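Report on the following structure.
The values are calculated or read from the model by the stated rules, or taken from the named source; none is laboratory data. None of the values given here were measured: they were computed from a predicted structure. These accessible areas exclude ligands, DNA and RNA; they are computed on the full protein's heavy atoms, side chains included. Shrake-Rupley method; radii C 1.70, N 1.55, O 1.52, S 1.80 Å.
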Amino acid sequence: MPYDTLPLHSSQKASGLSTSQPDAVTAARTSPLGLAALPRIAADLVLLGDLTGRYAVGNYSRLDRQGRVIPREDRQGLAEHGHRITAAIACHLARSGGTVHQLAGLLLHPEHEGGRHTRTIALRSGQARALAYLHRIWDSARATVSSTMRVESRQHSHEGLAALRDRIEVTPWRGKRGRTALRVLRAHLNFAESAGGRLHAASERQTAEEAGVSRQTLRDAYETVLRPDGWLRRLRVGHGTEGSTWYLGNGPKAAAKGPSSRHQTTQFPPDLALEEWSTPETAITADVDSTVISRLMAHDAFALHGLGSSALMIIGALHARPHQAVSELVITSSVSRATAYRTLHRLAIHGLVHRIGEV
């Protein structure tokens, strides 16, 4: 959506911007990193602005307490639209190896439509405040770029999601809170796989139904586990019929030091009677089949007052590797010994697991 334009060229003289160009503009023109060094989509965004309205979604309305849509003031919606355009340009420039001075040069250039929001701030509040605003945007863009990875193709995106799924499966999810967080994270991974990348949209209602938990439980899992540990980030809060925008991270750095996939861990003999190895070559670690968990977690049988999340973890661990003793399940499913015995007993009553000797 276009801005209700301010008379930039006529008012620049009054603000002092036209008498002497800022150092950042001069630096950007003489710098080797200009528009030609940016991706085509970024250069178009700088020169032409948001022609398709991609960054205007959800800016021009809000919900009241009764759920009714109330249009926002034009100035507020336009400011949010311009802020998103500015942030997008900053991320493109940060990923291309630019600097904050080059960002200022691009956005303060009078002929670049993508910098209209920054120039509006300069006209209304002064150049110093506009530059301070750009420094805040730049710091946020660098943090975002450093915590995300560039996707070269759709295949690259799917490979990244597969690697993330493997990391999730070998991460210990301890306690009731951890098991709930796994269900929520696996729901988001389902949405991401459907969207074709880590960036995806989902509402609280969709995620809660997919994970088989309440909305309050969903929020608690995000605030206490998923966001602090770097598994999930909400980039934009949804409004009305629009879901929130999410990005899947890689989790804690310590998780990267563990096994990359259960398919790369020790192989066990096909027939346990052969007894070829008395102990595995590597130590037993957390190891569950998250695909099975994602298929079962929405069923009422695994709700809080049903079999619960501990049963999901036990089933996921046994599906990843059958014939485990209780001492092994305690590690692979990340549940306590007492919970493992109690859950196995309940699962055996319903015919979902069978005991053969010590396994």
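List of remarks:
- Taking every protein chain into account, the 1.4 Å probe leaves S96 with about 40 Å² of accessible area, to the nearest ten.
- Cut-off under 5 Å, modelled amide H: who pairs with R236 long-range: T245
- Using the 1.4 Å probe convention, the accessible area of region 96-232 works out to 46 Å² per residue with neighbouring protein chains retained.
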